[in-house]
1. Looking at E160, E219 in this structure, which one is among the charged types (D, E, K, R), in a helix (DSSP H, G or I), under 27 Å from the mean Cα position of the chain (by Cα) and within 25 Å of A91 (Cα to Cα)?
2. Check E288 against each of (1) closer than 22 Å to S365 by Cβ; (2) surrounded by 11 or more Cβ atoms within 10 Å (Cβ to Cβ) and name the one condition it does not meet.
3. Applying the selection to the stretch 274-322, what residues are closer than 16 Å to V342 by Cα, of a type in the set (A, V, I, L, M) and without any contact (Cβ under 8 Å) to a residue 40 or more places away in the chain?
4. Of everything in the stretch 13-28, what is open to solvent by 100 Å² or more (accessible area, probe 1.4 Å) and either in contact with a Phe, Trp or Tyr (Cβ under 7 Å, 6 or more places away or on another chain) or at pLDDT 85 or above (or both)? Give them in sequence order.
5. For residues that are touching a residue at least 24 places away in the same chain (Cβ under 8 Å), open to solvent by less than 70 Å² (accessible area, probe 1.4 Å) and polar (S, T, N, Q), tally how many sit in the stretch 44-78.
6. Every residue in the stretch 243-271 that is modelled with pLDDT of 70 or more and either open to solvent by less than 30 Å² (accessible area, probe 1.4 Å) or touching a Cys at 6+ places or on another chain (Cβ under 6 Å) (or both), please.
7. Any residue at all in the stretch 163-170 that's closer than 27 Å to E76 by Cβ and of a type in the set (S, T, N, Q)?
8. Take the residues of the stretch 172-194 that are without any contact (Cβ under 8 Å) to a residue 60 or more places away in the chain and open to solvent by less than 100 Å² (accessible area, probe 1.4 Å): which is farthest from K80 (Cα to Cα)?
Amino acid sequence: MATLSEKPGKRFTVPDWHNSSSLISADAERQRSTACQVRQEARALRNETNNQAKWNEHDNQTRLTERIGSVNRWKETLDKCLADIDAEIDALAQVKEAAERALQAKNLPLDVSIECLTLRESRRAIDVVRDTAEEELHREVKVIEKARRELQQRVTKAFEQLCRLQEARQQLSWDNRCKMEALEIDHVCLSLSVSSPNISFKVNPTRVPAGSTALEEWEQHSRGNRERAEAEMRASAELRGAMALAIAQTNNELEAQRVATEFALRKRINDMQRAHHELKWQEQNTLEEIAELEEDIRRLEEDLRRKAQDLKVAHTRLETRTYRPGKELCRDQVQYGLTDEVYQLEGTIQALRQKLLESQNVLDSLYRQLHRIQTDLGYKANSLQLDNKCLDSRKKLVVPAEKFAPELDTFNRTTNRELPALQEGQLEL
């Protein structure tokens, strides 16, 4: 009978089998222990990092809030300083304008005194005597010239002080704008959260930006701007007091100049009105020309669209005729005619486009010219308004000198208002 064949291969003993099972169980226990330890460490790490992240977020939110408050306090300080320096610039400009008018008003008394002295030189014989009248005339000339020199020095100092005030104001304004932008940025940062749509990873976000300054330097910069502005305002206030005193000593001499100045002002207003009417006429003609040119451009565009459609038709006809069979695909008169039509239409379209471009360039030039005309009209209207204000201001000259108080409204560097043109004979620095 057949014998049972044994399968070749290694055979293990029962103890080996038990040892293998024990090793597997031990390894499983060890792996589970390791996994449990890792899980516990991971949970602890998660709790620690979550708490740390929350505290960091809370601390930075607090720091941002405090920083916003600090910047906002400085901004309020700068706003108040800006308002103060604007008021000081206006006040000093008014006093400077009053000093310039007072200096201009000294010309006529000086001319009259010199004329009187010149006339007295025509005396003859025994009447050529140095009497009390002549001495008083010479004394009057000396007093007027001394007052002119003093007023001229005050005006020059006021102009220089206005430049310094304006420079200090520009520094304050720039610092104020920077703080407004910083506040906006910090408010945006304060509003960011994990659910914000615009958060992302950045390249090297922890870098120190070029131009960064220390906190002490930042605060010292703002404090320096404020202290400089306050110092300039104090100097301006002292100068205004000295100028007001100098003006008060010479304000009775303005009446003689009133008629001549008002005459010059009225002549200037009349010239300005004539120029204004001429510009209005030019504006109306330019508007009419623009309307006509725009209508022509619209017609050119319509012709260009129609020619493009005609060209499409000619192209389509030529392309369609290429599918004629056999000998029918011949270069007949239709072929030549369509080809000539395409060339002519292309040339026509090119000419129309060129003319359209030329018309549009001319239209742009007209609009630029219209803008210049309208801008000049605005300038002249403003000048008329300023000159009319000058006429109204001249009414104060009829008020008794002891009640006169300068109320000027022209030289203002803070609001960029336009200065009236210097009248003939007016002081020029």
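1. On the way: E219 fails: within 25 Å of A91 (Cα to Cα).
Being among the charged types (D, E, K, R), in a helix (DSSP H, G or I), under 27 Å from the mean Cα position of the chain (by Cα) and within 25 Å of A91 (Cα to Cα) holds for just one of E160, E219, which is E160.
2. (2)
3. L311, V313, A314, L318
4. The answer is L23, I24.
5. Quick first cut of the stretch 44-78, residues touching a residue at least 24 places away in the same chain (Cβ under 8 Å) only: 61, 64-65, 67-68, 71-72, 74-75, 77-78.
If we keep only those that are open to solvent by less than 70 Å² (accessible area, probe 1.4 Å) too, we end up with 61, 64, 68, 71-72, 74-75, 77-78.
Within this subset, residues satisfying the condition of being polar (S, T, N, Q) are 61, 72, 77.
Residues flagged as touching a residue at least 24 places away in the same chain (Cβ under 8 Å), open to solvent by less than 70 Å² (accessible area, probe 1.4 Å) and polar (S, T, N, Q) within the stretch 44-78 amount to 3.
6. M243, A246, I247 - these are the residues of the stretch 243-271 that are modelled with pLDDT of 70 or more and either open to solvent by less than 30 Å² (accessible area, probe 1.4 Å) or touching a Cys at 6+ places or on another chain (Cβ under 6 Å) (or both).
7. Checked against the condition, which is being closer than 27 Å to E76 by Cβ and of a type in the set (S, T, N, Q), the stretch 163-170 yields at least one hit.
8. In the first step, residues of the stretch 172-194 are kept if they are without any contact (Cβ under 8 Å) to a residue 60 or more places away in the chain; the result is 174, 177-178, 181, 184-185, 188, 191-194.
Now restrict to residues that are open to solvent by less than 100 Å² (accessible area, probe 1.4 Å): 178, 188, 191-193.
Details: C178: 16, V188: 26, S191: 28, L192: 31, S193: 35 Å.
Result: S193.
The values are calculated or read from the model by the stated rules, or taken from the named source; none is laboratory data. Owing to the predicted nature of the structure, the values given are computational and were not obtained by experimental measurement. Reconstructed Cβ throughout: ideal geometry from the backbone, glycine too, with neighbour counts over all protein chains shown. We work out accessible area using only protein heavy atoms, side chains counted, and drop any ligands, DNA or RNA first. Shrake-Rupley method; radii C 1.70, N 1.55, O 1.52, S 1.80 Å.
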